[in-house]
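Structure first, commentary second.
Here, each number is a calculation from the coordinates, and none is a lab measurement. Since we're looking at a predicted model, the values are computed, not measured. We place every Cβ from the backbone using ideal geometry, glycine too, and count neighbours over all the protein chains shown.
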Amino acid sequence: MNTVPGTVLATMPDVNLPPLTVAKMLTSWTLDPAMVLPIVAAGALYLWGVRTLRRRGDVWERSRTVYWFVGLSIIFVAVSSALGVYDRVLFSVPAIQHMLLQMIAPVPLALGAPMRLAMRTLPKRGRVVLLAVVHSPLARFVAHPAIAFTLFSVSQFVFYYTPIYDWSLTNVWAHDLSHVHFVLVGFLFYWSLLGVDPVPHRPPFVFRFVMVVGLGPVHILLGIPIMMMATLISDFYVDAGSRSWGPSPLVDQQIGGGILWGFGDLAAAVLIGAFLRQWYRSDEREARRMDRRLDRAHGEASTVTPWWLLEQGDKSADLLGPQRDSERPNQRKRSL
């Protein structure tokens, strides 16, 4: 593990490493302060907020806390496990990292509702400042689901198809900031999409569902061209180390492209299923609300005959009409 000259704020993984075996996957760990400390701080602040609410006698859903720490745990595994150790040795490793940081971890983080927790625990002045930031023109623009989706999608292509990727392999700050960027842009997208927290925009459910479906084509366009490339995205894997194990750099890059494609589509399929389930539940809730509204409005009123029964009644009356007319003379005779 290489240390940045003159500081211990960030570290760079080594490139001359032994073969990546199952044992190495389970036992190789690295602790980059620039990544680990923000994770610890995010967890501590969240627990402080939950504790503040409980001391006040308020209730905070336990599932929200679980979601938050699941998201932080995924980030920790992505940057500190063998994925963080070997992410400058194999192209396929940072591809997995990328999917975990941008596609997977932000979902439970958004479901943790950190903004809602902050609004309930911060003092009045802090809440005013936070609301002012959330509803500022810049935040309203960036947090719109369409803009967040664009940032989420385009930044991936910019990262892999420009010199930024090669820079992230040689500069420790670019290396760490790329990880932070993936988490933040993923969180922004899911935060605006799920709407668990107070968000500037709440578009219709259909619009949000289309955004989720759009994740599939994005990863197809991202991964398949990398799989089909005949040249390397970066020569770093050839120049920096003397790796004599595993697939060749080009084959490894093709594997990484397949991971970006398949992993992204699989995650998108899971999200589509979750959104369909949420859509179904929202329809059920809306139906129950409508039933309660009708009960409150017409609970004591007499039952109204449906129109189709009225039509059938009219037809029956028409059929019975002549018979009734024929019976009337006999009734007159009896009366006389």
_5 Å is the cut-off here: which amide hydrogens, built 1.01 Å from N in the peptide plane, fall below it relative to M12, excluding neighbours closer than 5 in sequence?_
N2, T3, V4
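By average Cβ neighbour count within 10 Å, what is the ranking of 249-256, 176-183 from highest down? Mind dumping the intermediate values first?
Values: 249-256: 18.6, 176-183: 20.5.
The peptides rank, most packed first, as 176-183, 249-256.
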*Rg/Rg_globular for the stretch 114-253, with Rg_globular taken as 2.2 N^0.38 Å and Rg from C-alpha atoms*: 1.35
*What is the P(r) of the stretch 2-295, as percent of Cα-Cα pairs per 5 Å bin from 0?*
1, 5, 10, 14, 16, 16, 14, 10, 6, 4, 2, 1, 1, 0, 0, 0
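Largest first and in whole Å, give the semi-axes of the stretch 15-138's equivalent ellipsoid, each being the square root of 5 times a Cα gyration tensor eigenvalue.
Values: eigenvalues 244, 50, 29 Å².
Equivalent-ellipsoid dimensions as semi-axes: 35, 16, 12 Å.
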